[in-house]
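K.L.:
Here it is: the structure, laid out below.
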Amino acid sequence: MSDTIKVAVVYHSGYGHTLKVAEAVALGASTIHGVEVHLVKAEEAHLQWSLLDDADAIIMGAPTYMGSLSAPFKAFMDATSHLQYVEKRWTNKVAAGFTTGASRGGDKQNSLVQLMTFAAQHQMHWVNLGLNYGNNRSYSNEDILNRDSYTLGMAAQANMDQGGEVAPPSSDIRTAQFLGARVAEVAQELVAGRLALGRTNTPGIKGGSDQQDPLRRGVDAASAAQVLTSLTAG
Ligand SMILES: Cc1cc2nc3c(=O)[nH]c(=O)nc-3n(C[C@H](O)[C@H](O)[C@H](O)COP(=O)(O)O)c2cc1C
């Protein structure tokens, strides 16, 4: 496969912590051979729609403020409703997410669910963190991958009295790198898989529910009876 896979990391960071996480995610993605990575500030996404529309994977991240994604990032999400959502430009792209909070819990799960729901609205394929819970044994410690034990995405913890040069700590930075590499690999496998199967990416369908499934994936009654018999036989 010669085609380069494009991964975009879109983020907002008010005080520099999520910036560090976003950079680590981008770095992780760039370790996969054949992957081109772009870091995009959510506030500047309106200047880079074509880059995002072109990406094979979009990894999104923002700090958790008041138990949900920060307002500038939400503004970016809402802005995608005009063209990206209406024209289904992001259908079948790979998606993943990360968030940062000052607390270990801090309602960050809610931000990850928010990102996952957003990805589903765009008909994207959500990739989870892919790591076991960390730091849940008497002999484990904070310097472990996924130390705060999230699964939907990556959740970093940055002490609010420390700047982005030290917080979040190395364990979270390494976890973010892991997520970036994992998403890049999944995107690469998806594109290579389509190629191997001789399939093109099925475009998203604009408009209402009456126009859905033009390929008529539904099975007619006669074939259904035949197939079901064979499936239940023996
Ligand atoms: C308005 C505001 C609300 C916050 N709410 C939360 C919260 O609900 N949960 C949490 O864990 N941290 C909360 N924090 C802390 C930030 O998430 C934390 O400092 C984070 O590292 C900031 O990331 P940033 O530097 O990328 O903006 C809040 C901070 C601010 C400014």
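K.L.:
What residue, of Leu195, Leu231, Leu190, is in contact with a strand residue (DSSP E or B) (Cβ under 9 Å, 6 or more places away or on another chain) and at pLDDT 90 or above? Spell out how you get there, then give the answer.
P.N.:
Details: Leu195 fails: in contact with a strand residue (DSSP E or B) (Cβ under 9 Å, 6 or more places away or on another chain); Leu231 fails: in contact with a strand residue (DSSP E or B) (Cβ under 9 Å, 6 or more places away or on another chain).
When all the criteria are applied, what remains is Leu190.
K.L.:
Looking only at segment 17-65, how many residues end up being over 22 Å from Asp161 (Cβ atoms) and in a helix (DSSP H, G or I)?
P.N.:
Selection size over segment 17-65: 18.
K.L.:
Out of Asp161, Asp143, Asp148, which single residue is assigned to a loop (DSSP other than H, G, I, E, B), among the acidic types (Asp, Glu) and more than 16 Å from the ligand (Cβ to nearest atom)?
P.N.:
Details: Asp161 fails: more than 16 Å from the ligand (Cβ to nearest atom); Asp148 fails: more than 16 Å from the ligand (Cβ to nearest atom).
Result of the check over Asp161, Asp143, Asp148: Asp143.
K.L.:
Taking only pairs six or more apart or across chains, which ones have beta-carbon atoms under 9 Å, a first residue in segment 101-116 that is within 12 Å of the ligand (Cβ to nearest atom), and a second residue that is in a loop (DSSP other than H, G, I, E, B) and basic (Lys, Arg)?
P.N.:
Filtered contacts from segment 101-116: Arg104/Arg147.
K.L.:
Do you know which of the residues in segment 44-100 that are within 16 Å of the ligand (Cβ to nearest atom) and of a type in the set (Ser, Thr, Tyr) is surrounded by the most Cβ atoms within 10 Å (Cβ to Cβ)? Spell out how you get there, then give the answer.
P.N.:
Start the filter on segment 44-100 by keeping residues that are within 16 Å of the ligand (Cβ to nearest atom), which leaves 44, 59-76, 97-100.
Those still in the list that are of a type in the set (Ser, Thr, Tyr) too: 64-65, 68, 70, 99-100.
Numbers: Thr64: 24, Tyr65: 18, Ser68: 17, Ser70: 22, Thr99: 32, Thr100: 34.
In this case the residue turns out to be Thr100.
K.L.:
Do you know which residues across segment 168-212 are free of Cβ contacts under 8 Å to residues at least 12 places away in the same chain and assigned to a helix (DSSP H, G or I)?
P.N.:
Of the residues in segment 168-212, the ones free of Cβ contacts under 8 Å to residues at least 12 places away in the same chain are 189, 193-194, 196-200, 207-212.
Hits for segment 168-212 are Glu189, Gly193, Arg194, Ala196, Leu197, Ser209, Asp210, Gln211.
K.L.:
If the Cβ limit is 8 Å and pairs must be 6+ apart or interchain, which residue in segment 67-96 that is within 26 Å of Gly14 (Cβ to Cβ) and in contact (Cβ under 8 Å) with a residue 40 or more places away in the chain pairs with which residue that is among the aromatic types (Phe, Trp, Tyr) and part of a loop (DSSP other than H, G, I, E, B)?
P.N.:
Listed pairs, sorted by first residue: Thr80/Trp90.
The values are calculated or read from the model by the stated rules, or taken from the named source; none is laboratory data. Note that the structure is a prediction, hence the values are computed from the model and not measured. Glycine gets a Cβ as well: all are built from the backbone with ideal geometry, and neighbour counts include every protein chain shown.
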